Amino acid sequence: MVRTHFLRTMSNIFYDPILLAASFAALAVSFVGFQQIKWRQRTRGYPLPPNGLSTLPFIGNLHHLSPKSPWLKLTEFKNHFGSDLLYFHGLGNSVVVLNTMEAITDLFDKRGNTYSHRPVFTVVGELMALGQSMPLLPYGTEWRAHRKLAHVALNQNAVKVYHSAQEDLAVLLSKALVDKPENFFSHVRLAAQRIVMTVTYGLPVETADNEYITKAEETMEMIGKATVPGAYLADILPFLKHLPSWIPFQREAAEGKEMIDSFVTKPYEHVKREMNTNNAKPSLTRHLLSIDQEEMENYEHRVKWTTGAMYGAGGETTYSTVLIFMMLMAMHPDIQTRIQAEVDAVVGCDRLPVISDRSDMPYVAAVIKEVMRWHPVLPMSIARQTAKDDVYNGYFIPAGTTVIPNVWAVSLEPCAKYDPKSFNPDRFLDPEAKVTDPTTYAFGFGRRICPGKFLAENSLFVLISNIAYAFNISPPVNGIVEPKFGENLVSYPEPFDIQIKPRSKQKVDLINARVQQCVV
Ligand code: HEM
């Protein structure tokens, strides 16, 4: 009886369009209601972070995130909305931007378990297979194993072993600048890459057109473009990764995979071959491969990808910072005179600067900090992803959210005494200025802080102090230095023109004599 009644009601519904529509509407309302209840339970009533931006159907407000120099727009939004946190959403993605050091420290440092993952980059991470490299590995066992291997070479004590190699390479840079100052761009790149190559592989690289250097640069440029959040539509809509191989981004991905594979494999195999003939120079790769392991295959995979990560991450960040320094010296002769006076006073006339001079040169330290603040080379650091739902300052942050530390905005934080846009190292020598030290944000945060920080700081010091000691840098003949920067993850200076002249014949003689003692 009940069954007959039910069947009759159902058939009425199907034959009556009004009843049918009303039933679908009721179903939809209950579905939405159910989702809202679930959402309220999940968020415990906390709102999503503020967002005053216009939204479009489906894509939400993601269209406000530009893949080119996104830090500029994000900082404009920060200033416009005056908010510590900004929220972007659309197509199933959520992105939170952290605009202050306080918010970054609270989440990345103090809630490391939740905020130490990386977003999944479908194209560069999965299709190009860079996801097995430390910078993109998810926070967990594999990542920890890679960090441990890198720590062997990069911890604060271990980096002392490389002082003499770094000093030699700084001298060779000075020699190259004496001989062919017009090629300063490639000399600086070579010096920074050589430091990393020496530490990781012990490979001699003598010219900027060496295959390892040129391939590294091409590969890192490609990676830099691909790791800006949202660079590929497939990063936002991961199902697109299943599209056929003739689709343009799939072809790019296949080429990228090959580039990355040869980038990490070639120098590594080179060291192995040298080890077989007992010719390998001391390096992290040689050291790690000399340790017997039970599970050699997996271990070798880790060594290869850890050294590959260092090789990739260590060069361009360092040379970009040194090149920005040179650009700024041409623009600020008064600051150049002060830095030269300090280096001269400490070093004297009989030798070149060395890493142990670092603690005696507070003005050089302030200049390096100001260079890193004036243009942080990773203006949005490297994004993170939340491992679980979280609540911060009364706002709900869903699990799986991409979290971007807006380092650019932090570097521009207002200061009563100093204009954040001007280049003035005094802000770091003035206790009243209370400016955040850029070494606390330029190298990243918490558990994923740059493992190469100690090596990089020594490289920056020794390269910059040697340049300041030996050269006068001035604007080009037309008098104009034009600061222009790349728009990708690592924002390096675009080629610019400056004049570089030795400060005296005596300094050139010192460089020539010291070059004879170089052993790298
Ligand atoms: C001026 C030079 C450098 C700067 C400004 C810099 C900056 C950074 C930043 C901002 C991060 C992201 C950290 C985070 O997510 O919080 C990072 C990660 C990393 N850096 Fe550096 N870096 C420099 C030099 C180096 C050097 C010399 C090496 C190695 C020889 C290196 C290796 C790495 C690696 C492997 C990662 C990934 C860490 C991870 O995901 O756990 N970096 N770096």
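Overview of values
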item: Karplus-derived HN-Hα couplings along the range 244-254 (A = 6.51, B = -1.76, C = 1.60, θ = phi - 60°), whole Hz, x at Gly and Pro; result: x, 6, 7, 5, x, 5, 6, 5, 4, 5, 5
item: Part-to-part distance (alpha-carbon centres) for the range 115-156 and the range 412-440, which is given in Å; result: 33 Å
item: Principal axis box of the chain, alpha-carbon based, largest edge first, Å; result: 109, 61, 41
item: Loop-resident sites, the range 200-246, for chymotrypsin sites (Phe, Trp or Tyr not before Pro), counting at most 12 other Cβ within 10 Å (DSSP); result: W246
item: Which of E300, E167 has the fewest Cβ neighbours within 10 Å, and the rest in rising order; result: E300, E167
item: Residue-wise HN-Hα coupling along the range 131-139, computed from phi with Karplus coefficients 6.51, -1.76, 1.60 (Hz; x: Gly, Pro); result: x, 8, 9, 3, x, 10, 4, x, 5
item: Linear extension gain, E182 paired with R251, 0.36 nm per residue minus alpha-carbon span; result: 21.1 nm
item: Fraction of beta bridges assigned by DSSP in the chain that are antiparallel (%, nearest 5); result: 80 percent
item: FRET efficiency for K110 and Y418, using Cβ-Cβ distance with R0 set to 25 Å, rounded to 0.05; result: 0.30
item: Difference of contour (0.36 nm per residue) and Cα-Cα distance, F239 to S504; result: 89.1 nm
item: In degrees, nearest ten, helix 184-200 long axis to first principal axis of the chain (Cα); result: 80 degrees
item: Cα gyration tensor, the range 253-410 - rounded (a/c under 1.5), prolate or oblate; result: oblate
item: Ranking of L510, L455 by count of other Cβ atoms within 10 Å, fewest first; result: L510, L455
item: Förster-model FRET efficiency, 45 Å R0, N276 and D350, C-beta, rounded to 0.05; result: 0.55
item: Degrees, to the nearest 10: 2-15 long Cα axis against longest axis of the chain; result: 70 degrees
item: CD proxy at 222 nm, helix term only [per DSSP H run n ≥ 4: -39500 (n - 2.57); per residue of the chain; nearest 500]; result: -16500 deg cm²/dmol
item: Under-5 Å amide H pairs with Y392, H placed in peptide plane, nonlocal only; result: I397
item: Label-to-label distance, nm, for residues given as K484 and K68 (7 Å Cα→Cβ offset); result: 1.2 nm
item: Angle in degrees between helix 17-43 and the longest Cα principal axis of the chain, rounded to the nearest 10; result: 40 degrees
item: Other-chain or far-sequence residues with amide H under 5 Å of E494's (modelled H); result: K484, F485, G486
item: FRET efficiency, 1/(1 + (r/R0)^6) with R0 60 Å, evaluated for A158 and T43 via beta carbons; result: 0.85
item: Amide hydrogen neighbours beyond the local backbone of G60, cut-off 5 Å, H modeled; result: L91
item: Segment H301-M259, extension gain: residue separation times 0.36 nm, minus the distance between their alpha carbons; result: 13.4 nm
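A short reminder: the numbers here are calculations on the coordinates, not readings from a lab. Treat the numbers as computed from the prediction; the structure is a model and nothing was measured. With ideal geometry, Cβ positions are generated from the backbone for all residues, glycine too; neighbour counts draw on all protein chains shown.
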